[in-house]
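The values are calculated or read from the model by the stated rules, or taken from the named source; none is laboratory data. Computed from a predicted structure; not experimentally measured. Reconstructed Cβ throughout: ideal geometry from the backbone, glycine too, with neighbour counts over all protein chains shown.
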Amino acid sequence: MARVLENIGKEILRKNGIPIPDFLVVGDIKEARIAADKIGYPVVIKALVPTGKRGKATAIKFAESSEEAEKIAEGILHTTVYHFPVELLLVEKKIDTSYELYSSITFDTSRRLPIVIASSAGGIDIEKSVKTQSKKIIKQYVDILEGFHLYKAKEIWSDLGLTGRTLQQATTILWRLYKIFEKYDAYTVEINPLAVTSRGEIVAVSILMGIDDDALFRQPDLSDKVEEGSDRSWRPLTDLEKKMITVDKQESYRGTARYTEMEGGNIGFFCGGGGGSLLAYDALLRFGGRPANYTEFGGNPPEAKVSGIVKGVLSKPGIKGFFMATSITNNTQTDVVASGVVKAFQEMNVDPEKFPIVVRLPGVNDAVAKRIFIEAGIEYYGDEITIEDAAQIMAEKMKKAC
Amino acid sequence: MAIFVDNDSKIVIQGITGREASMVTRHTLAYGTKIVAGVTPGKESQNVEGVPVFDTLKHACQKWELNTSVIYVPPAFAYDAVMEAIGNEIKLILIITERIPRHDVARFLLAAERANCTIVGPNSVGIINPGDRVKLGPIGGDNVERCFIPGEVGVISRSGGQTAECSWMVKRAGFGVSTSVSIGGDPLIGSTPKKNLNMFEQDSKTKAVVLWGEPGTTYEEDAADFIKEGGFTKPLVAYIAGRFVENMPEGTVFGHAAAIIEGDMGRPSSKMEKLRDAGCYVADNFNDIVPLLQEAMAK
């Protein structure tokens, strides 16, 4: 999944006929002032980071003059908003808002359909309103095969009390937002607030948009504008994480490995299966282990991919041990994985005599995998122990070694 | 008896000539499951391990009576393959393919529902009924008996690997499985735990069920509600993985795409609480599944 920055989201809205305020993107204080002068006061200055709730994090502020614009830009640039460093600002015309609406479209996993949510009480407290299920909120499932009709959008806003020209404008905007949701393979789009100005115009003041990574192959316009894998992380991807995405893509399409750096820790974590890795991480923490990263692999990766990823896992400074545990594999060839792991250790000059390693890797061809590990001097377990047992052994080894 | 598959399953594999699908065909035949036909456009009159290949599912259905399909085609073509299966009146569709665009999944799930067709997956490793030696998909690999022996415990898992691991725990507890189902780790799937529990409830051969849950979605909560309403009355042993994710910043994904906590939704701790509240055996540690299942089966 990939988050879309606000400027790109807004360009998409504009291109598809949803009104937005004039804006410019700037990278320093001077530029911010020039941009604000050009747009005309009052302006809004926002941290350009891929996350919502910026208003609550005071990363959105208003300026009435050039001096104020500079001061605000200085105050927001190079700060950190929800773990994201602010390198760019969005300077935008402040909308003379009379009241705020809200609209979003996302998938409901229980009903497995798109759900349109609209509210006549938009703004920063929308989450509260959603929870309290007030009369100011309407949620409606969409028959994805039939699509979202214009009259449905009209009914929603009308039921929320809109009428006249506002009703017509809001209807078109919500209908177009659904078109955007479809056209760009979004998994979520949210306009909040959708401002109604004192003159009765409706403008999308802020947009949050997430694109389905798995559909980027058919979204050529977006592929260079969104960062793949960005929605799996709570902060910008680190250099090592970006490198690992390249390794994962390079070595044929077969098998996947996802790497996330954790804060601190001293155990290189390389575990198999989406579920198996969750179990292994929980267990390692419970027994007092301190994983330094989280790597999950599966889908029968080739040897070169395994060794590339393992080298990356070991390269994080402060790694003093290596834990590898997987579910009993259904199709991943454990002997191929074993060769890749051993190759990585050799290339990184890791001596298993001095470096705590525990491997639990049962599954396809595991008699061969066992031989490969044992010949390399690595402690190997198959299905004689569980993933939790292996985590306990690893944690105890680390306690002895450190 | 079992759920989903048995000796009446007439199986076709769509995308059978792929490298992975060919290997799985070999393993499946070796296990004793009959595969009637395969489909790969442009490869009619070839065969994979003796299984005849057709250009279209329509051709295969003209020659054979088919009711079960395994989808093994790449993500970009998966939507059409599923629609082809629905259009040819296949009643059970198992989707192995990972990374299918979400809009496509939502579309074919709705189309299947309207056609009264059951979908398991996407991103499933398969379904197995060891009593009849019928398996769909890679589940069990080349050494099926390691994890899957016949018995009276059902297994439902959001993780493919853990479908095997949970079934192996059932075996370690001294039992076997009636049916094990890998339901898929995606946010949108055809066969939710609740639907599976409903099927296991009707299955006279199943005495208890083991459920592997994860962060994200409301699948486990929905299952707990279903149990509370009296929809499922057999013992359920549940394990929910990924408790550490609760201590990570919101919106972070570890493991499967569906494993995302948003606000209060999808927290393992609340899933465990709800299941406990519904009277389930909830394992704090994975290793506890063995004693808990023994306790459940003794009742």
Only one of A:Ala390, A:Ala367, A:Ala338, A:Ala401 is among the small types (Gly, Ala, Ser) and over 26 Å from B:Val144 (Cβ atoms). Can you tell me which?
A:Ala401
List the pairs whose first member sits in the range B:78-106 and is at positive phi, whose second member is not in a loop (DSSP other than H, G, I, E, B), and whose Cβ atoms are under 6 Å apart, counting only residues at least 6 apart or on separate chains?
B:Arg99/A:Asp214; B:Arg99/B:Pro75
B:Ala257 vs. criteria over 21 Å from B:Ile289 (Cβ atoms) and under 23 Å from the mean Cα position of the chain (by Cα)
yes
Could you tell me whether the range A:211-219 includes any residue that is part of a strand (DSSP E or B) and in contact with a Lys or Arg (Cβ under 9 Å, 6 or more places away or on another chain)?
yes
I need the full set of residues from the range B:32-58 which are surrounded by fewer than 18 Cβ atoms within 10 Å (Cβ to Cβ) and closer than 20 Å to B:Glu145 by Cβ, in order please.
B:Gly32, B:Lys34
B:Trp212 passes all but one of the listed conditions (1) more than 8 Å from chain A (Cβ to nearest Cβ); (2) in contact with a Lys or Arg (Cβ under 9 Å, 6 or more places away or on another chain); (3) closer than 23 Å to B:Ala278 by Cα; (4) hydrophobic (A, V, I, L, M, F, W, C); the exception is number (1)
Unmet requirement for A:Lys139, which otherwise passes all of (1) without any contact (Cβ under 8 Å) to a residue 12 or more places away in the chain; (2) basic (Lys, Arg); (3) in a strand (DSSP E or B)
(1)
Within the range B:66-80, the residues that are buried (at least 24 other Cβ atoms within 10 Å of the Cβ) and not aromatic (Phe, Trp, Tyr) are B:Thr68, B:Ser69, B:Val70, B:Ile71, B:Val73, B:Ala78
Hits in the range B:155-188 (condition: among the hydrophobic types (A, V, I, L, M, F, W, C), at the interface with chain A (Cβ under 7 Å from one of its Cβ atoms) and assigned to a helix (DSSP H, G or I))
B:Ala164, B:Trp168
Which of the residues spanning the range A:363-396 are among the charged types (D, E, K, R), under 33 Å from the mean Cα position of the chain (by Cα) and under 21 Å from A:Thr332 (Cα atoms)?
A:Glu388
Any idea which residue in the range B:141-154 is farthest from B:Gln202 (Cα to Cα), counting only those that are more than 9 Å from chain A (Cβ to nearest Cβ) and small (Gly, Ala, Ser)?
B:Gly151
Can you name every residue in the range A:362-402 that is surrounded by 22 or more Cβ atoms within 10 Å (Cβ to Cβ), assigned to a loop (DSSP other than H, G, I, E, B) and on the phi < 0 side of the Ramachandran plot?
A:Pro362, A:Val364, A:Thr386
Being within 13 Å of chain A (Cβ to nearest Cβ), over 25 Å from B:Ala257 (Cβ atoms) and surrounded by fewer than 22 Cβ atoms within 10 Å (Cβ to Cβ): is that true of B:Ser22 here?
yes
What do you reckon, is A:Ile191 touching a Ser or Thr at 6+ places or on another chain (Cβ under 6 Å), crowded, with 21+ Cβ neighbours inside 10 Å and either in the same structural domain as A:Ser66 (by TED's automatic domain parsing) or among the β-branched types (Val, Ile, Thr) (or both)?
yes
Can you find even one residue in the range B:189-198 that is closer than 17 Å to B:Tyr281 by Cβ and in a strand (DSSP E or B)?
no
Somewhere in the range A:347-361, is a residue within 14 Å of chain B (Cβ to nearest Cβ) and either within 29 Å of the chain's Cα centre (by Cα) or modelled with pLDDT of 95 or more (or both)?
yes
Restricting to strands (runs of 3 or more DSSP E) lying wholly in the range A:1-83: which have 2 or more residues that are more than 30 Å from A:Asp185 (Cα to Cα)?
A:60-63
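Here is a yes/no grid of residues against (1) charged (D, E, K, R); (2) modelled with pLDDT under 95; (3) surrounded by fewer than 21 Cβ atoms within 10 Å (Cβ to Cβ):
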{"position": "A:Thr132", "(1), (2), (3)": "no, yes, yes"}
{"position": "A:Leu145", "(1), (2), (3)": "no, no, yes"}
{"position": "A:Leu150", "(1), (2), (3)": "no, no, yes"}
{"position": "A:Leu162", "(1), (2), (3)": "no, no, no"}
{"position": "A:Phe181", "(1), (2), (3)": "no, no, no"}
{"position": "A:Val196", "(1), (2), (3)": "no, no, no"}
{"position": "A:Asp214", "(1), (2), (3)": "yes, yes, no"}
Per the filter on the range A:149-177, residues touching a residue at least 40 places away in the same chain (Cβ under 8 Å) and in a loop (DSSP other than H, G, I, E, B) are A:Leu160, A:Gly161, A:Leu162
Collect the residues in the range A:320-358 that are touching a residue at least 40 places away in the same chain (Cβ under 8 Å) and hydroxyl-bearing (Ser, Thr, Tyr), keeping them in residue-number order.
A:Thr326, A:Ser327, A:Thr329, A:Thr332
Please go through the range B:189-202 and pick out each residue that is within 11 Å of chain A (Cβ to nearest Cβ) and more than 12 Å from B:Ile119 (Cα to Cα).
B:Lys194
From B:Leu136, B:Leu109, residue being of a type outside the set (Gly, Ala, Ser) and either under 17 Å from B:Asp6 (Cβ atoms) or not assigned by TED's automatic domain parsing to the domain that holds B:Leu66 (or both):
B:Leu136
Starting from residues that are in a helix (DSSP H, G or I) and of a type in the set (A, V, I, L, M, F, W, C), keep the ones in the range A:344-359 and report whichever is nearest to A:Met398 (Cα to Cα).
A:Phe345
(1) surrounded by 16 or more Cβ atoms within 10 Å (Cβ to Cβ); (2) touching a helix residue (DSSP H, G or I) at 6+ places or on another chain (Cβ under 9 Å); (3) without any contact (Cβ under 8 Å) to a residue 24 or more places away in the chain: which one isn't true of B:Leu110, the others all being true?
(2)
Condition first: among the hydrophobic types (A, V, I, L, M, F, W, C) and in a strand (DSSP E or B). Now tell me which residues in the range B:28-66 satisfy that.
B:Ile35, B:Val36, B:Ala37, B:Val39, B:Val48, B:Val51, B:Val53, B:Phe54
Can you work out which of the residues in the range A:95-116 that are surrounded by fewer than 18 Cβ atoms within 10 Å (Cβ to Cβ) and away from chain B (no Cβ under 14 Å) is farthest from A:Tyr41 (Cα to Cα)?
A:Tyr99
Quick check: is even one residue across the range A:376-388 β-branched (Val, Ile, Thr), away from chain B (no Cβ under 14 Å) and in contact (Cβ under 8 Å) with a residue 12 or more places away in the chain?
yes
Which members of the range B:215-245 meet the condition of being outside any loop (DSSP other than H, G, I, E, B), farther than 16 Å from B:Lys194 by Cβ, within 14 Å of chain A (Cβ to nearest Cβ) and touching a helix residue (DSSP H, G or I) at 6+ places or on another chain (Cβ under 6 Å)?
B:Tyr239, B:Arg243, B:Phe244
